[in-house]
Amino acid sequence: MSWIKEGELNLIERISANILKTGPMPKHVAFIMDGNRRFARKKNLERQEGHMQGFNKLAETLRWCKHLNIPEVTVYAFSIENFKRTKEEVDGLMELAKQKFERLLEEREALEKHGVCVRVLGDLNMLPLDLQQIIAKAVVTTRNHNKCFLNVCFAYTSRYEITNAVREMAWGVEQGLIKASDVSEALLSECLYSNNSPNPDLLIRTSGEVRLSDFLLWQTSHSCLVFQSVLWPEYSFWNLCEAIIQYQLNHKSIQKARELHREEQALEQLEADRACIAELTQHQGNGKPADAQKRQEALQRYIASREARVQDFLQALKHKRNSFFSDLCSETALT
Ligand code: FPP
Ligand code: MG
């Protein structure tokens, strides 16, 4: 089974999709694809077959998303917690991923035609080297595609991602690229593995579990969360439509909460910049209070210098991450 499933929706699906599309549509949907093993048990299948059918369902879901004009999808494919499963199951999942990313490389022309950019979010160092290398090739091959985006969270948990982002900022301070006072909520977001994506509008978890299980905790504070009882390999176009209707029913309040949060964040940043300026003038001033215009000019200068510093730091971070993938690709060229 390939990643790209060609084919149109049937008539009734097409009509329903067109009706749905008259309302606000999510631009980014995240899935916790849960219930593969229960599905296998229910159908008397091997556990690995449950995961394989889970992958097939992912390919089918991507096709539905394409027809629903949803340009970005993020999936929880392998949690760091999943390493605690039996060796046999972990090895099976690694082998499945290896096969599927190899297949993805064989399908590079179709991915180019559809403009699909595939990203893998997580700590690849935790994976076997051959899988790291194949993943890096897939990421590098598709990194300039920009019509739709598939983010595969692999060796991922949200707490690990946030901790890593904090470490990256500490590295930036250590390197003298940023100041400790530049650390902010917005900067932390930029240091997450997900920095290239807008936050998901809709997060769907299947199998009836009503937990986030350490998935996109930072990114989903203003997302519509939908928990559905269907097991992932049995997920249907109609289940997806139902989740989108939930999003549409909650769209206004979600937008309002996001707008409020944006305003609060801007205000917090301004307060932080003002505090930095106050501290600087206290150290540098001659004791006389500066007039309002001078204070405003100093603030503008400070904001411009902070923004330039942060941009340089983010460039350095991007370079570090791109090099990680490129180095893995050149290692394979040598072997
Ligand atoms: C959760 O079901 C599913 C997983 C841990 C694996 C998900 C992986 C896939 C769908 C394949 C994707 C592969 C690639 C390469 C993207 P579960 O195992 O927790 O089942 P259960 O909840 O019934 O126990
Ligand atoms: Mg599960």
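The values are calculated or read from the model by the stated rules, or taken from the named source; none is laboratory data. Note that the structure is a prediction, hence the values are computed from the model and not measured. Cβ atoms come from the backbone with ideal geometry, glycine included; neighbour counts cover every protein chain shown. Keep in mind that these areas ignore ligands, DNA and RNA; they rest on the heavy atoms of the full protein, side chains included. Shrake-Rupley method; radii C 1.70, N 1.55, O 1.52, S 1.80 Å.
Rolling a 1.4 angstrom probe over the protein heavy atoms, how many square angstrom per residue are accessible across segment 11-334?
Per residue, segment 11-334 has an accessible area of 52 Å².
Which Cα, out of G92, L299, C224, lies furthest along the positive dipole direction of segment 11-334 (beta carbon charges, K/R +1, D/E -1)?
Comparing the listed Cα positions along the dipole, C224 ranks first.
How much solvent-accessible surface does L267 expose, in Å² to the nearest 10, with a 1.4 Å probe and all protein chains in place?
110 Å²
Between N196 and I15, how many nm apart are label points set 7 Å from Cα along the C-beta direction?
About 4.0 nm, to one decimal.
In degrees between 0 and 90, to the nearest 10, how far off the longest principal axis of the chain does helix 237-284 point, with axes built from Cα atoms?
Once rounded, one gets 20 degrees.
In degrees from 0 to 90, rounded to the nearest 10, what is the angle of the helix 87-106 Cα long axis to the longest principal axis of the chain?
Helix 87-106 sits at roughly 80 degrees to that axis.
Report D for the chain in µm² per second (integer): Stokes-Einstein, Kirkwood Rh on Cα pairs, 20 °C, 1.002 mPa s.
The diffusion coefficient I find is 97 µm²/s.
Which sequence of H67, H261 reflects their accessible areas, 1.4 Å probe, from the largest down?
H261, H67
Give me the distance in nm between label points sitting 7 Å out from Cα along the Cα-to-Cβ direction at A110 and N56, one decimal.
1.5 nm
Taking the 0 to 90 degree range and rounding to the nearest ten, how far is the long axis of helix 47-67 tilted relative to the main principal axis of the chain, both from C-alpha atoms?
70 degrees
Taking the Cβ of Y156 as the center, what net charge do the other residues with Cβ under 14 Å away carry, scoring Lys and Arg +1 and Asp and Glu -1?
Taking every other residue near Y156 into account, the sum is -2.
Quick one: which of K87/K320; K113/K256; K179/K320 span more than 26 angstrom between C-alpha atoms?
Check vs 26 Å cut-off fails for K87/K320; K113/K256.
Remind me, relative contact order of the chain in percent, using alpha carbon pairs under 8 angstrom and six or more residues apart?
22 percent
Which order do T22, T74 take by accessible area at a 1.4 Å probe, largest first?
T22, T74
Can you compute the modelled spin-label distance between S229 and L260, with each label point 7 Å from Cα toward Cβ, in nm?
Placing both labels 7 Å along Cα→Cβ, they lie 3.3 nm apart.
Could you pull the accessible area for K137 with a 1.4 Å probe, rounded to 10 Å²?
Surface open to solvent at K137 totals about 80 Å².
Rounded to a whole number, what % of the accessible area of the chain do carbon and sulfur atoms account for, probe 1.4 Å?
52 percent
Mean-square fluctuation check for the chain, GNM, Cα pairs under 10 Å: which of V226, V73, V29 is largest?
In this elastic network of the chain, the residue with the biggest mean-square fluctuation among V226, V73, V29 is V226.
I need the calculated FRET efficiency for the pair S221 and A308, taking r as the beta carbon distance and R₀ as 22 Å, to the nearest 0.05.
Using R0 = 22 Å, I get an efficiency of 0.15.
Heavy atoms of the protein only, probe of 1.4 Å, neighbouring chains included. What is the accessible area of C276 in Å², nearest 10?
Ignoring ligands and nucleic acids, C276 comes out at about 20 Å².
I'd like to know which of N10, H51, A170 lies farthest towards the positive end of the charge dipole of the chain, counting +1 on Cβ of Lys and Arg and -1 on Cβ of Asp and Glu.
In the chain, that residue is N10.
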